[in-house]
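To keep things clear, I will list the structure first and then write my remarks on it.
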Amino acid sequence: MIDQVLSLLVLLSLLVACAEAPPPPAESPPAGLAALYATDFLVGAALGGRVIRDEDSLSRALVVREYSTITPENVMKWEKIQPTADTYNWGPADDYVAFGEEHDLFIVGHTLVWHSQLSDYVKQITDPGAMRTALRQHIGAVAGRYAGRIDGWDVVNEALNDDGTYRESEFYRVLGEEYLTLAFRYAAEAAPDAQLYYNDYNMWNGEKRDGAIRMIEKIRADGGRVDGIGMQGHYGISGPTIDTIEAAIEAYAAAGLPVMFTELDVTVLPNPWDLEGAEVSQNFENAPDMNPYPESLPDSVQTALAIRYADLFRLFHRHRDKIERVTFWGTTDASSWLNGWPIRGRTNYPLLFDRKYRPKPAYDSVAAVAATPR
Ligand code: 9MR
């Protein structure tokens with residue numbers, strides 16, 4: 001009898017032990033930066049034409065693995081999507097949106113109203129009524145076509161000078177500041193469910209920052225809906241300082257404007273003119289000392305880039321309650337616009353993936369920031 005009770009006890013303890021046995025190893029956590037920052041903000045990349053046309057399957061795989069949001073680098077710009085008043089070129093934009101939907105990504109539209117890459121027919125308009133019509137037609141057609149599918153639009157891009165005054169764009173010359181409110185009102189009409197953003201470079205600059213806040217307060221007072229600020233984020237290794245970027249994030253948030261970092265990259269090449277930002281009309285002659293790393297990036301610069309990215313992502317993480325998205329301007333160093341600006345034909349290294357699609361030390365440092373208790 002005692003023996004039977006003992007064996008029953010042994011059997012019972014075995015059953016309990018089995019019940020408490022650790023579960024089989026869980027599947028490894030999802031790879032990629034978006035997963036690492038999933039509770040903080042979306043992370044994504046801009047897609048160039050080759051990626052959108054499915055001519056670069058490695059970049060597509062990289063985007064699907066790493067990111068939760070995409071932006072079209074060029075295919076939705078005015079001159080591409082509506083080259084004349086009555087011609088539309090939907091194909092590449094349709095492919096872009098389909099790719100985002102297929103992979104369940106947050107899809108950004110870029111950009112409805114911008115002075116650059118603007119169709120000639122718009123540049124020729126001088127009559128205010130005709131300009132209002134052109135704006136409404138363009139925004140209505142483009143934002144309307146993707147209503148409910150594009151999650152957020154850069155409605156107006158780069159409307160300000162660095163001192164916070166209005167840029168003398170075609171729109172401004174014909175309509176004055178009225179065009180800003182109209183753009184946001186037409187976008188809200190055409191795509192009522194999309195987030196609507198104002199997007200610009202050098203948004204850390206105090207004068208520009210204050211000008212942007214004044215401008216958006218005016219748009220809002222006049223009945224436009226603005227849901228957030230796009231700080232493009234075309235930065236250098238040592239500037240702008242983390243403190244200046246931080247002050248801007250705080251100022252926008254205090255004005256009721258969540259922040260997206262929309263076009264992040266970090267140039268490592270010489271910049272003797274102290275150019276800041278992304279004024280696309282600036283271009284200069286190439287020379288050997290302007291292109292110091294044509295073959296590969298020295299370790300010291302690779303490390304400096306990794307440290308810069310870690311500093312930026314520590315800042316972003318600290319302000320994750322104010323930041324909704326961080327988008328890199330491109331997928332790999334090979335296709336970055338910074339190989340061609342402000343000097344054509346250079347070899348730059350501004351992103352997290354090298355020319356062979358391999359993660360760089362900067363990638364590891366961004367991933368490590370997500371993994372470290374901060
Ligand atoms: O990355 C874009 C590049 O391929 C184009 O040639 C350039 C033309 O204007 O525009 C680049 O993207 C810009 C973006 O649309 C707005 N902010 C500045 C970006 C870099 O110039």
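Couple of notes before you dig in:
- Restricting attention to the range 142-168 and to residues that are surrounded by fewer than 20 Cβ atoms within 10 Å (Cβ to Cβ) and among the small types (Gly, Ala, Ser), the residue that is nearest to Met203 (Cα to Cα) turns out to be Gly164.
- Count of the range 142-178 residues, restricted to those that are out of contact with any Ser or Thr (no Cβ under 8 Å at 6 or more places or on another chain) and either small (Gly, Ala, Ser) or part of a helix (DSSP H, G or I) (or both), is 16.
- Single unsatisfied condition, Ile323 versus (1) of a type outside the set (D, E, K, R); (2) in contact with a Leu (Cβ under 8 Å, 6 or more places away or on another chain); (3) buried (at least 17 other Cβ atoms within 10 Å of the Cβ): (2)
- Any hit, the range 269-288, residues being among the polar types (S, T, N, Q) and at pLDDT 95 or above: no
- Residue within the range 55-76 that is more than 20 Å from Thr332 (Cβ to Cβ), within 13 Å of the ligand (Cβ to nearest atom) and either assigned to a loop (DSSP other than H, G, I, E, B) or open to solvent by 10 Å² or more (accessible area, probe 1.4 Å) (or both) present: yes
- Residues in the range 100-119 that are in a loop (DSSP other than H, G, I, E, B) and within 18 Å of Gln137 (Cα to Cα) were compared, and the one that is nearest to the ligand (Cβ to nearest atom) is Gln117.
- Scanning the range 318-348 for residues that are part of a loop (DSSP other than H, G, I, E, B) and away from the ligand (no atom under 16 Å from the Cβ) returns His319, Arg320, Asp321, Lys322, Thr347.
- The range 296-320, residues that are under 16 Å from Ala35 (Cα atoms) and either surrounded by 18 or more Cβ atoms within 10 Å (Cβ to Cβ) or more than 17 Å from the chain's Cα centre (by Cα) (or both): Phe313, Phe316
- Figure legend. Inter-residue proximity from the range 194-217: first residues within 16 Å of the ligand (Cβ to nearest atom) and of a type outside the set (Lys, Arg), second residues open to solvent by 30 Å² or more (accessible area, probe 1.4 Å) and not in a helix (DSSP H, G or I), beta-carbon distance below 6 Å, spacing 6+ or different chains. Indicated pairs: Asn202/Asp162; Asn202/Glu276; Asn205/Asp162.
- Some residue of the range 171-193 being more than 27 Å from Gly129 (Cβ to Cβ), within 19 Å of the chain's Cα centre (by Cα) and away from the ligand (no atom under 16 Å from the Cβ): no
- The range 53-66 residues that are within 16 Å of Leu42 (Cβ to Cβ), paired with ones that are among the hydrophobic types (A, V, I, L, M, F, W, C) (beta carbon under 6 Å, 6 or more apart): Val63/Ala45; Arg65/Ala31; Glu66/Leu33
- The one condition in (1) part of a helix (DSSP H, G or I); (2) open to solvent by less than 20 Å² (accessible area, probe 1.4 Å); (3) within 16 Å of the ligand (Cβ to nearest atom) that Ile139 fails to fulfil: (3)
- Lone unmet requirement of (1) in contact with a His (Cβ under 9 Å, 6 or more places away or on another chain); (2) surrounded by 23 or more Cβ atoms within 10 Å (Cβ to Cβ); (3) more than 21 Å from Tyr197 (Cβ to Cβ) for Ala46: (3)
- Residue tally, condition without any contact (Cβ under 8 Å) to a residue 12 or more places away in the chain and among the charged types (D, E, K, R), over the range 125-158: 0
- Verdict on Asp222 being on the phi < 0 side of the Ramachandran plot, of a type in the set (Asp, Glu) and more than 16 Å from the ligand (Cβ to nearest atom): yes
- Every condition in (1) more than 22 Å from Trp337 (Cα to Cα); (2) free of Cβ contacts under 8 Å to residues at least 60 places away in the same chain; (3) touching a strand residue (DSSP E or B) at 6+ places or on another chain (Cβ under 9 Å); (4) within 16 Å of the ligand (Cβ to nearest atom) holds for Val122 except the one numbered (3).
The values are calculated or read from the model by the stated rules, or taken from the named source; none is laboratory data. Being a predicted model, the structure only gives us computed values, none of them experimental. Here the Cβ is made from the backbone with ideal geometry for all residues, glycine too, and neighbour counts use every protein chain on show. We work out accessible area using only protein heavy atoms, side chains counted, and drop any ligands, DNA or RNA first. Shrake-Rupley method; radii C 1.70, N 1.55, O 1.52, S 1.80 Å.
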